[in-house]
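The values are calculated or read from the model by the stated rules, or taken from the named source; none is laboratory data. Just so we're clear, the structure is a prediction, and the values are computed from it rather than from any experiment. No Cβ is skipped: glycine too gets one built from the backbone with ideal geometry, and neighbour counts run over all protein chains shown.
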């Protein structure tokens, strides 16, 4: 027969866990609203930036390597816009520093491993740039650590353009130095508080609509003061903003996944409490019945 004290102890333990998961759900829900608001606020700017740079490239600006010395690799737009034969691909993987978010990090890692397998089947090499401790720890166990170029952990809870510009500079430096010939981003795209999707897209070299895909008639574009200065400003801005947008979408998806995971954990804890309560009542009834039987048997023995 189950021990009543043990069952009671388990019920109290599950109740305490339920309080924690309920509190974490509420915290995650508040963070989802905050990060989603930040994401929504950044979308008009990012969308217009993509449209603007697309129009610039439809105007077919002249991109020449003049031998100019650039202070930062991300300013070296001629190299960043040069498409090379793919030998080594750079993959930036966006995960979280913290767990308790259900299958969020596992989904990103699984998609990354699948993409790596595709590169290996094609005979291509790869180099990883990992954001988030969970992704770094998982991929370090599954892959050769030499394949991990850089990793970034303990980023600000609220992504900032400054932190993202550092990552963008590292990517540009590896591309300009010839260490990698393409940069792809694997991250999660936020759809709603109930769903997100793991996606991958190419960041470098930049890919824009061709002349055939052009819609309507675009007016002639004039560059002031000149094409070189415009491209030198717009290309770093586009790359940094793309990295920032990817990270902020991942942060929003992470909080949404954590809210769902904590909601499911709270519900499961409630179901377990019900099962344990029924088990406790059954054990208690069995204990009372056993005591009554002992009293009756003792009385019968005294009569005899």
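Some values worked out for this structure:
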| quantity | calculated |
| --- | --- |
| Test result for residue 149, at pLDDT below 90, under 22 Å from residue 260 (Cα atoms) and either assigned to a loop (DSSP other than H, G, I, E, B) or more than 12 Å from the chain's Cα centre (by Cα) (or both) | no |
| Selection within the stretch 46-58 - touching a helix residue (DSSP H, G or I) at 6+ places or on another chain (Cβ under 9 Å) and modelled with pLDDT under 80 | 58 |
| Residues of the stretch 155-213 satisfying the condition of being modelled with pLDDT under 90, over 18 Å from the mean Cα position of the chain (by Cα) and assigned to a strand (DSSP E or B) | 204 |
| Unmet requirement for residue 100, which otherwise passes all of (1) within 26 Å of the chain's Cα centre (by Cα); (2) assigned to a helix (DSSP H, G or I); (3) surrounded by 14 or more Cβ atoms within 10 Å (Cβ to Cβ) | (2) |
| Considering residues of the stretch 111-131 that are closer than 30 Å to residue 260 by Cβ and either in contact with a helix residue (DSSP H, G or I) (Cβ under 8 Å, 6 or more places away or on another chain) or touching a residue at least 40 places away in the same chain (Cβ under 8 Å) (or both) only, the residue surrounded by the fewest Cβ atoms within 10 Å (Cβ to Cβ) | 113 |
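Residue-wise test of (1) part of a helix (DSSP H, G or I); (2) under 21 Å from the mean Cα position of the chain (by Cα); (3) under 30 Å from residue 235 (Cα atoms).
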| residue | (1), (2), (3) |
| --- | --- |
| 86 | no, no, yes |
| 110 | yes, yes, no |
| 120 | yes, no, no |
| 140 | yes, yes, no |
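For every residue, the table says whether it meets (1) part of a helix (DSSP H, G or I); (2) over 30 Å from residue 104 (Cβ atoms); (3) under 26 Å from the mean Cα position of the chain (by Cα).
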position	(1), (2), (3)
19	yes, no, no
32	yes, no, yes
35	yes, no, yes
55	yes, yes, no
64	no, yes, no
